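Okay, so here's the structure we're looking at.
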Amino acid sequence: MKVKKYYKITGKVLGNCWGGGKVAYQSESYEGKNLDELMKKINEDLESGALDSGMGYESLIGALMTVETIETITANGKKYHHSEYESEFIGKLSEEEEDFMFECDW
């Protein structure tokens, strides 16, 4: 029996709009075999502004990312997949902003 782990990370980013106000927008998506490397890349993209997938904020505040951990087991020539999901806040969000990010349902 062979077990492999793979990660898919999606989410939404909160940023400051040009001229005032804050808004949430879909973040970039990430996939790979090394969760630490993916989280490092996400944090770098938050700092550089690249996490926002094209919204064009004045600056980014933080993000709510959903990490899907996919385990694939191969047994007797068949593949079986199991996914688990975990939410992860990135950046410097206040408690109010974290609540807002959870309430954004899209």
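The values are calculated or read from the model by the stated rules, or taken from the named source; none is laboratory data. Remember, predicted model here, so these are calculated numbers, not experimental data. Note: ideal-geometry Cβ built from the backbone for every residue, glycine included; neighbour counts use all protein chains shown.
Looking only at residues in the stretch 70-90 that are free of Cβ contacts under 8 Å to residues at least 60 places away in the same chain, small (Gly, Ala, Ser) and out of contact with any Asp or Glu (no Cβ under 6 Å at 6 or more places or on another chain), the one that is nearest to GLY19 (Cα to Cα) is SER87. Screening the chain for strands (runs of 3 or more DSSP E) wholly inside it with 3 or more residues that are modelled with pLDDT of 95 or more and among the basic types (Lys, Arg) returns the ranges 2-16. Looking across VAL3, VAL13, VAL67, one residue alone is in contact (Cβ under 8 Å) with a residue 24 or more places away in the chain, among the hydrophobic types (A, V, I, L, M, F, W, C) and surrounded by fewer than 17 Cβ atoms within 10 Å (Cβ to Cβ). It is VAL3. For the stretch 82-106, residues that are closer than 27 Å to TYR6 by Cα, loosely packed, with under 10 Cβ neighbours inside 10 Å and more than 16 Å from the chain's Cα centre (by Cα) total 0. Let me spell it out: the conditions are (1) crowded, with 16+ Cβ neighbours inside 10 Å; (2) out of contact with any Ser or Thr (no Cβ under 9 Å at 6 or more places or on another chain); (3) not small (Gly, Ala, Ser), and ILE42 meets all of them except one. Which number is the exception? The one condition ILE42 does not meet is (2).
Hey, any hits in the stretch 85-92 for a residue that's closer than 23 Å to LEU38 by Cα and of a type in the set (Ser, Thr, Tyr)? Yes, the conditions are met somewhere in the stretch 85-92.
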